[in-house]
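Worksheet: one structure, shown below.
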């Protein structure tokens, strides 16, 4: 793999299409299906991501705000690892949130 540098403040926010929900993304790394992806997801106040599943592990790092899932609140600075094959429950936010999501490739 070669080095890849992305300066995110200059990137535009795009419509969220990777999974069901309301929000925007910045695509930092996309190596193709099953090979890894890193995105920033921004949900507006009262935004949500509906339940879905992933085949590979995904990491969430909350950059700003907070979100709630499965009755727990994940605030700024929180890291969450969801294993491959896990169902992702509804994700909601009252005040808005920005989450760094890292999808690890299947091994």
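The values are calculated or read from the model by the stated rules, or taken from the named source; none is laboratory data. Since the structure is predicted, the reported quantities are computational estimates derived from the model, not experimental observations. Note: ideal-geometry Cβ built from the backbone for every residue, glycine included; neighbour counts use all protein chains shown.
Side notes on the structure shown:
- Scanning region 2-23 for residues that are part of a loop (DSSP other than H, G, I, E, B), loosely packed, with under 11 Cβ neighbours inside 10 Å and touching a residue at least 24 places away in the same chain (Cβ under 8 Å) yields a total of 1.
- Just so you know, in region 46-63 the residues that are over 11 Å from the mean Cα position of the chain (by Cα) and under 16 Å from residue 16 (Cβ atoms) include one that is surrounded by the fewest Cβ atoms within 10 Å (Cβ to Cβ), and it is 46.
- Cβ-Cβ under 6 Å pairs, at least 6 apart or on other chains, region 69-80 side under 19 Å from residue 51 (Cα atoms), far side part of a loop (DSSP other than H, G, I, E, B) and at pLDDT below 95: 69/89; 70/89
- Filtering 28, 43, 81, 100 for residues that are loosely packed, with under 13 Cβ neighbours inside 10 Å and touching a strand residue (DSSP E or B) at 6+ places or on another chain (Cβ under 6 Å) leaves a single hit, 81.
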